[in-house]
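Engineer: Sharing a structure below in structure tokens format, with a few things to ask.
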Amino acid sequence: MKKSYFVSVLLSLGLIVAAIITAGADILAFLSIPAFIATVFLPVFVTIGVFGLSAFFSSFRLAFHGSEAAVDELKAAFSLFKMLGNSILLTGFITSMIGFITILASLFGKDEVGSAIALALMTLFYSLILFLLVALPFKTAIEKRLAGALAAE
């Protein structure tokens, strides 16, 4: 993975913010600490639980500096990022379901419905951004390194 990844992430986030602002929405409406915590930490903890903390950090290191890595290490990192991506997406859907259940449980309290809908969609929004900007690029970087390592054998 190239160092230009960070530039592309910043540009992507800038474009998302610009789209929100030009749509006339309040940018603060798109910030939710509970949604962020659920969407980020749940998939990370599940992935660490399956692969271990050292394998988690090692996989990120391999994405940037894995040219000398063994094929087995690259395969393990690819599996980790595949699981992380799936976990991010599933967390978004699960937390959205929690939000929709909350909506249905509070249909008669009109004040609570709007915030429950926002939270339900916010977690899905965060999970899609995390998948697009973290899981997918890292998985692809490992996949490219793995293909190169397999071709060199």
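Quick note: the coordinates plus some simple rules give every number you see, no bench work behind them. It should be emphasised that the depicted structure is a prediction, and the values quoted were computed from it without experimental measurement. Neighbour counts run over all protein chains shown; Cβ positions are idealised from the backbone, glycine included.
Engineer: So what is the relative contact order for the chain, in percent, with contacts set as C-alpha pairs under 8 Å and at least six apart?
Structural biologist: Rounded, it is 30 percent for the chain.
Engineer: Could you work out the helix-only [θ] at 222 nm for the chain, with each DSSP H run of four or more residues adding -39,500 (n - 2.57) and the total divided by the number of residues, to the nearest 500 deg cm²/dmol?
Structural biologist: Rounded to the nearest 500, it is -28000 deg cm²/dmol.
Engineer: Taking a quarter of the surface of the Cα convex hull of region 1-135, what do you get in nm²?
Structural biologist: That works out to 9.3 nm².
Engineer: Can you put Glu73, Glu153, Glu68, Glu112 in order of Cβ neighbours within 10 angstrom, beginning with the fewest?
Structural biologist: With the fewest neighbours first, Glu73, Glu153, Glu68, Glu112 line up as Glu153, Glu68, Glu112, Glu73.
Engineer: Here's a follow-up. Arranged by the count of other C-beta atoms within 10 angstrom, fewest first, what order do Phe93, Phe131 take?
Structural biologist: Phe93, Phe131
Engineer: Using a 7 Å offset from Cα along Cα-Cβ at Leu15, what residues in region 82-125 end up with backbone N under 19 Å from the label point?
Structural biologist: 125, by backbone N distance to the label point.
Engineer: Sequence neighbours fewer than 8 away in the same chain don't count; with that in mind, list the lysines whose C-alpha is under 28 Å from Lys75.
Structural biologist: Excluding near neighbours in sequence, the set is Lys2, Lys3, Lys139, Lys144.
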